[in-house]
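Below is one structure, written out as structure tokens; comments come after it.
The values are calculated or read from the model by the stated rules, or taken from the named source; none is laboratory data. None of these values were measured; they are calculated from a predicted model. FYI the Cβ positions are ideal-geometry reconstructions off the backbone, even for glycines, and counts take in every protein chain you see. Keep in mind that these areas ignore ligands, DNA and RNA; they rest on the heavy atoms of the full protein, side chains included. Shrake-Rupley method; radii C 1.70, N 1.55, O 1.52, S 1.80 Å.
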Amino acid sequence: MKKLFFFVIFLSLVNITLAQDSEIESKVDSLLSKMTLQEKIGQLVRKTSLNKNTAELIRDGKIGEMGFYSPSVRDSLQRIAVEQSRLHIPLVFAADVIHGAETTFPVPLAQSCSWNPELAEKAARIAAFEAASLGLNWTFAPMVDIARDPRWGRIVEGAGEDPYLGSIMAAAYVKGYQGNNLSNEGTIAATAKHYVAYGAAQAGRDYNTVDISERTLREIYLPPFHAAVNAGVASIMSAFNDLNGVPASANYFTLTKILRDEWHFKGVVISDYNSIGELVNQGIAKNKEDAAREGITAGVDVDLAGDTVIGDVYSPYLGKLVKNKIISENLIDRSAKRVLRLKFKLGMFDHPYLDKAFFKKNMPSKKYKDEVAQQLARESIVLLKNKNHLLPLKKDIHSIALIGPLADDQEDLLGPWAGSGKAEDVVSVITGIKNKVSSGTKINYVKGCGILDSSEAGFNDALYAVKKSDVAILVVGESRDMSGEAASRTKLDLPGVQEELVEKIESLGKPVIVILMNGRPLTIDWISNNIPAVLETWFLGDQAGNAIADVLFGDYNPSGKLTTTFPRSVGQIPLYYNHMNTGRPPEKDNKYTSKYIDSPVSPLYPFGYGLSYTDFKFSDLTVSKEKINKNDSVNISVNVKNTGTYSGTEIAQFYLRDLVASVTRPVKELKGFKRIFLKAGETKTIRFTITPGMLQFYNIDMKKTIEPGTFDVMVGGNSEDLISTSFEVIE
Ligand code: BGC
């Protein structure tokens with residue numbers, strides 16, 4: 001009865017959506033039939049900067065989308081569109097909201113280390129609400145690029161190296177930004193970017209060439225985009241890079257065949273900044289007109305262009321291309337319809353202006369926003385090392401030497417792409433610690449050096465502070481602009497003389513805790529070998545200091561797990577957990593196996609790794625059936641015990657390996673995870689279901705298939721320390 005009730009509700013919701021969709025379709029068709037070619041092209045043009053002719057262009061219907069402005073400027077531009085243009089079509093305001101609008105949450109790479117998509121969704125919901133209150137309707141987020149190369153600065157903007165986790169996070173962000181219905185106030189259209197394989201830039205150099213197999217494209221780089229599409233993402237951004245010889249913004253195969261024909265994506269494709277005009281530089285277009293033709297033909301609807309030398313190519317050339325019969329007007333109609341559909345879905349025609357009263361009344365409280373930001377920040381922290389249980393510290397510790405360029409910093413803790421976030425809203429580490437410790441605790445703060453300093457002049461004061469303290473906490477890392485766009489690095493060491501500072505302090509023999517802040521894995525071999533306690537905190541945003549103090553002093557038991565492998569050295573890159581096996585896997589005493597003569601092959605810290613103040617033990621892994629048919633599912637169960645003395649959360653990860661197949665398969669692939677809270681001494685049994693979809697892969701003909709044979713099932717707290725069993729798929 002209950003099931004029937006929900007089914008009826010479900011059917012009526014489907015009916016309502018279908019009715020709304022067909023109503024929107026007829027509005028779009030009717031509007032389009034009244035538009036001139038120039039007005040249709042106008043919908044495909046997004047401008048950012050304001051010039052003396054902006055008003056005139058809007059009035060003439062030559063701009064469809066604009067950027068981010070103060071609410072009053074936004075509404076005055078909108079008034080021109082709605083009240084003075086011939087067809088009164090509203091503008092949409094679109095810009096980047098990456099990890100917060102006003103409230104700054106941890107950078108996306110950090111958020112992924114929480115393995116908590118529900119919490120990330122809540123943060124995105126807040127970000128959307130704030131962004132909408134500032135006048136935005138559309139964001140260029142989430143970035144769902146898989147990244148296997150920490151030299152690439154944009155690794156900070158995504159969810160790391162794994163396509164499964166990346167897909168879960170992608171869907172969570174989309175739901176967070178878009179809510180249940182885009183027409184509700186406080187929701188904004190999301191954009192999955194950068195389509196596609198931008199993260200595979202050769203040598204980790206931003207904007208560089210990408211050359212990967214179709215299998216790697218489909219199995220590694222496409223899944224998070226597909227997940228975003230399935231979650232209803234409103235738009236997709238085409239990337240800068242070329243992919244196997246065809247630039248992403250002129251790529252009919254990815255933009256039309258995969259995105260539209262295979263996935264049935266109905267939304268808008270927007271180019272990355274100037275990426276259509278840049279087709280000229282990439283050598284596949286003779287000139288800008290040719291570039292415009294390539295972009296629209298491949299399937300890019302909107303030209304996101306800057307007022308640079310390259311600038312926009314759609315507004316000056318699309319009309320000419322139609323008139324000269326080089327492209328059909330149908331192409332323009334198709335793209336203009338997609339944009340108009342989005343504007344109707346967003347409710348722009350009903351409420352084009354900013355409803356300040358609504359936002360004033362409904363804005364979530366600062367307390368709630370700070371709580372979400374602090375919880376997400378705590379859960380994003382990864383405890384890399386904790387020798388002899390140095391952490392957590394006691395709150396009534398007598399004295400602390402707090403050292404390092406990031407210990408009293410607010411600006412850098414915002415991370416790259418901080419939206420409208422303000423440094424003064426950030427709780428620094430020193431403030432977080434002061435808020436936490438007893439009134440008797442003495443904090444001896446010395447900066448020691450700047451992030452990029454080459455001088456050791458400040459070292460003596462730092463050493464003196466350490467000598468007179470019980471413990472040294474060093475806060476070191478990158479500045480926020482060392483990661484993000486156009487911030488590739490060839491060296492991944494701590495910049496400047498920071499490592500020298502850590503080494504000198506360590507030599508004093510006091511207990512030392514290193515807190516790292518950075519937008520990518522760093523090569524911290526020495527620190528990892530010599531410093532007893534190390535916390536990876538990325539850039540945690542507004543609540544950084546409070547979250548770090550929660551972990552330092554045991555109010556939160558760390559649970560974060562790495563979503564990107566930490567290499568020992570740059571020479572190992574790319575290094576990722578889901579690699580293929582070689583014919584000669586590394587063997588200790590056999591020179592002619594796949595390894596280095598000057599370094600171990602293994603990473604410093606593997607994917608999925610992160611410690612807790614307690615210990616967890618996995619046991620009794622069982623599969624419900626030892627043999628299954630291709631279309632069957634198998635259940636697995638495993639016991640997880642908290643064997644230590646603190647309560648804590650473990651992130652149980654489950655991996656599969658197809659032992660023998662017609663093409664080489666990864667040594668393991670993440671297929672599921674669960675967050676489990678366990679009190680000290682407690683045991684819980686957790687279950688996963690292995691579905692046929694998890695056993696599929698692309699065969700030599702690029703067909704998704706399941707082949708009979710043995711599959712290993714591995715479960716554990718990171719991608720290396722796993723217990724395993726197996727089952728067999730029979731014909
Ligand atoms: C970036 C995009 C961003 C766009 C608009 C580009 O340079 O690659 O991620 O959305 O600018 O700001």
> In segment 46-137, which trypsin sites (Lys or Arg not before Pro) are in a loop and have at most 10 other Cβ atoms within 10 Å, using DSSP for the loop call?
Replying inline: K52
>> Test of understanding: what is the full-extension gain from N324 to N181, defined as 0.36 nm times their sequence separation minus their Cα-Cα distance?
In response: 47.4 nm
> For the Cα atoms of the chain, what angle does the longest principal axis make with the long axis of helix 2-34, in degrees from 0 to 90, nearest 10?
Replying inline: 50
>> Over 15 Å apart: what share of the alpha carbon pairs of segment 114-163 falls there, rounded to a whole percent?
In response: 57
> Quick one: helix 329-345 against the long Cα principal axis of the chain, what's the angle to the nearest 10°, folded into 0 to 90?
Replying inline: 60
> Mind listing P(r) for the chain? All alpha-carbon pairs, 20 Å bins, whole percents.
Replying inline: 17, 48, 31, 5, 0
> In Å, what is the Rg of the alpha-carbon atoms in segment 362-418, and how long is Dmax?
Replying inline: 15.6, 49
> Over the Cα atoms of segment 539-666, Rg to Rh with Kirkwood Rh, two decimal places?
Replying inline: 1.04
>> Quick check on segment 63-134: what does the Kirkwood estimate of hydrodynamic radius come out to from the alpha carbon pairs, in Å?
In response: 13.9
> Ratio of Rg to Rh for segment 208-310, alpha carbon only, Kirkwood?
Replying inline: 0.96
> Helix 288-298: angle to the longest alpha-carbon principal axis of the chain, degrees 0 to 90, nearest 10?
Replying inline: 80
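Please go through the residue pairs K122/K679; K434/K510; K442/K468 and name each one whose alpha carbons sit more than 19 Å apart in this structure.
From the list (K122/K679; K434/K510; K442/K468), the Cα-Cα distance tops 19 Å for K122/K679; K434/K510.
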> What residues from segment 495-530 fall in the zone where the backbone N is under 19 Å from a label point 7 Å along the Cα-to-C-beta line of S455?
Replying inline: 495-502
>> Run lengths n ≥ 4 of DSSP H only: what is the helix-derived mean residue ellipticity at 222 nm for the chain, with -39500 (n - 2.57) per run over all residues, to the nearest 500?
In response: -8500 deg cm²/dmol
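Ordering V313, V570 by how much accessible area each has at a 1.4 Å probe, largest first, what is the list?
On the way: V313 0, V570 40 Å².
Ranking V313, V570 by accessible area, largest first, yields V570, V313.
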>> If you count only protein heavy atoms and use a 1.4 Å probe, how large is the accessible surface of E626, to the nearest 10 Å²?
In response: 140
> Tell me, what is the FRET efficiency for H579 and D493 to the nearest 0.05, using R0 = 30 angstrom and their Cβ-Cβ distance as r?
Replying inline: 0.75
> What nm distance separates the two modelled labels at K422 and K266, each placed 7 Å from Cα along Cα→Cβ?
Replying inline: 4.2
>> Using the basic label-point model (7 angstrom from Cα toward the beta carbon), what is the K394 to S599 distance in nanometres?
In response: 4.2
> Relative contact order of the chain: what whole-number percent is it, with Cα pairs under 8 angstrom and at least 6 residues apart?
Replying inline: 13
> Where does segment 477-522 land on the Kirkwood hydrodynamic radius, alpha-carbon pairs, in angstrom?
Replying inline: 11.9
>> For segment 177-298, what does the accessible surface come to per residue with a 1.4 Å probe? Please give it in Å².
In response: 32
> Mind checking Rg over Rh on segment 615-705, alpha carbons, Kirkwood formula for Rh?
Replying inline: 1.08
> At each listed q (0.21 Å⁻¹), what is the log10 of I(q)/I(0) that the Debye formula gives for segment 531-610 modelled as equal alpha-carbon point scatterers?
Replying inline: -1.03
> When ligands, DNA and RNA are left out and all protein chains stay put, how many square angstrom of accessible area per residue does segment 517-658 have with a 1.4 Å probe?
Replying inline: 38
> Looking only at Cα atoms, what is the convex hull volume of segment 334-486 per residue, in Å³?
Replying inline: 195
> Going through segment 534-601, which chymotrypsin sites (Phe, Trp or Tyr not before Pro) have at most 15 other Cβ atoms within 10 Å and a DSSP loop state?
Replying inline: Y592, Y596
>> Bin width 10 Å, origin at 0, all Cα-Cα pairs of segment 303-413: what percent of pairs per bin?
In response: 9, 16, 20, 17, 16, 14, 6, 2, 0
>> I need the fraction of alpha carbon pairs in segment 410-455 separated by more than 13 Å, rounded to a whole percent.
In response: 67
>> Please give me the summed charge of the neighbours of K617: other residues whose Cβ is under 11 Å from its Cβ, Lys and Arg +1, Asp and Glu -1.
In response: -3
> Relative to the compact globular guide of 2.2 N^0.38 Å, what is the alpha carbon radius of gyration of segment 285-331, as a ratio?
Replying inline: 1.06
> So what is the relative contact order for segment 651-728, in percent, with contacts set as C-alpha pairs under 8 Å and at least six apart?
Replying inline: 36
> For the chain, what proportion of DSSP beta bridges, expressed in % and rounded to the nearest 5, is antiparallel?
Replying inline: 55
> Local charge sum around S528 (other residues, Cβ-Cβ under 14 Å, Lys/Arg +1, Asp/Glu -1)?
Replying inline: -3
>> For segment 151-251, compute the orientation-averaged projected area of the C-alpha convex hull (one quarter of its surface), in nm².
In response: 6.5
> Once fully extended, how much extra length lies between L50 and D75, figured as 0.36 nm per residue of separation less the alpha-carbon to alpha-carbon distance?
Replying inline: 7.6 nm
> Of the accessible area of the chain, with the probe set at 1.4 angstrom, what percent is carbon plus sulfur?
Replying inline: 51
>> Give me a comma-separated list of calculated 3J(HN,Hα) values for segment 689-702, in order, Karplus coefficients 6.51, -1.76, 1.60 applied at θ = phi - 60°, integers in Hz, x for any Gly or Pro.
In response: 10, 8, 9, x, x, 6, 9, 7, 8, 8, 7, 4, 8, 6
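Sorting D350, D632, D272 by accessible area (1.4 Å probe), largest first, what list results?
Largest to smallest exposure gives the sequence D350, D632, D272.
Give me the net charge for the shell around D412: Cβ to Cβ below 10 angstrom, other residues only, Lys and Arg +1, Asp and Glu -1.
-3
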